[in-house]
1. Which of the peptides A:26-32, B:39-45, B:2-8 is most tightly packed, and how do the rest follow, going by the mean number of other Cβ atoms within 10 Å of each residue?
2. How much FRET efficiency would the formula 1/(1 + (r/R0)^6) give for A:SER15 and B:SER16, where r is the Cβ-Cβ distance and R0 is 41 Å, rounded to 0.05?
3. How far apart, in nm, are two points set 7 Å out from the Cα along the Cα-to-Cβ line at A:ARG24 and at B:ILE94?
4. How would you order B:86-95, B:63-72 from highest to lowest mean count of nearby Cβ atoms within 10 Å?
5. First measure r as the distance between the Cβ atoms of B:ASN48 and A:LEU82, then evaluate 1/(1 + (r/R0)^6) with R0 = 22 Å and state the FRET efficiency to the nearest 0.05.
6. Would you mind computing, in nm to one decimal, how far apart the modelled labels at B:ALA61 and A:SER31 are, each placed 7 Å from Cα along Cα→Cβ?
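No lab work stands behind these numbers, since they all come straight from the coordinates. Here the structure is a predicted model, which means the values were calculated and not measured. Heads up, the Cβs are rebuilt from the backbone with ideal geometry, glycines too, and the neighbour counts pull from every protein chain shown.
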2 protein chains.
Amino acid sequence: MIRHTVVFRLKHLSSSVAEMVFLRAASELASIPGVERFECLRQVSAKNPFSFGLSMEFADAATYQRYSYHPDHLRFVQERWLPEVVEFMEIDYIPHEVSLAPPSPVYFQGPQTPALTKASS
Amino acid sequence: MIRHTVVFRLKHLSSSVAEMVFLRAASELASIPGVERFECLRQVSAKNPFSFGLSMEFADAATYQRYSYHPDHLRFVQERWLPEVVEFMEIDYIPHEVSLAPPSPVYFQGPQTPALTKASS
């Protein structure tokens, strides 16, 4: 599973019709084959400059790539995204399994003690 | 629902024990009351500088705030986050309902035609 997300800010006024029309067009990306769990999100943290997000999942990298090159996606980028988005960041996630076993002790060994050599006598 | 996410980069080498130990400590945040759908994620896009993400959901803003001030969270921030995270961005989402109805035509009207006034005669 790959989760593709993009967080962005539009040039439109908040709650404007232009904003609504853009988000509606963006939501149509959900119908491109391979797109799963599509979400249109409002970004609400004051700790970044973005106001909206899109999130979607793909079964694998090949499906994600087919989406990226799908004509409906390319048209959306040309006709809506490039003219209307002021700034954005793409963030893509895959699950990360966190090991719950204690790390193998071998990793915590310090430098090996040098082999004792007989002092020359 | 509020989805709190943070995308970040550690000072540790990739796949190092220090990285694993950090991520394991981060995953223990999942046990703080109110945390739902906790995920530890690997960030895989080349279009940003981050390498991991955490995602979790809260029922509402009050639950999110209780998490933020929970002693286990504050301790994690002091003891692990501040010393080990090089850069990060917090992104918080709420669902955004996209209206599917056509916009009311009133919004598309141009400036009102000034009322016709009788020419003084």
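1. Ranked by mean Cβ neighbours within 10 Å, highest first: B:2-8, B:39-45, A:26-32.
2. In this case the efficiency is close to 0.30.
3. 2.3
4. Ranking, from highest mean packing down: B:86-95, B:63-72.
5. 0.70
6. 3.6
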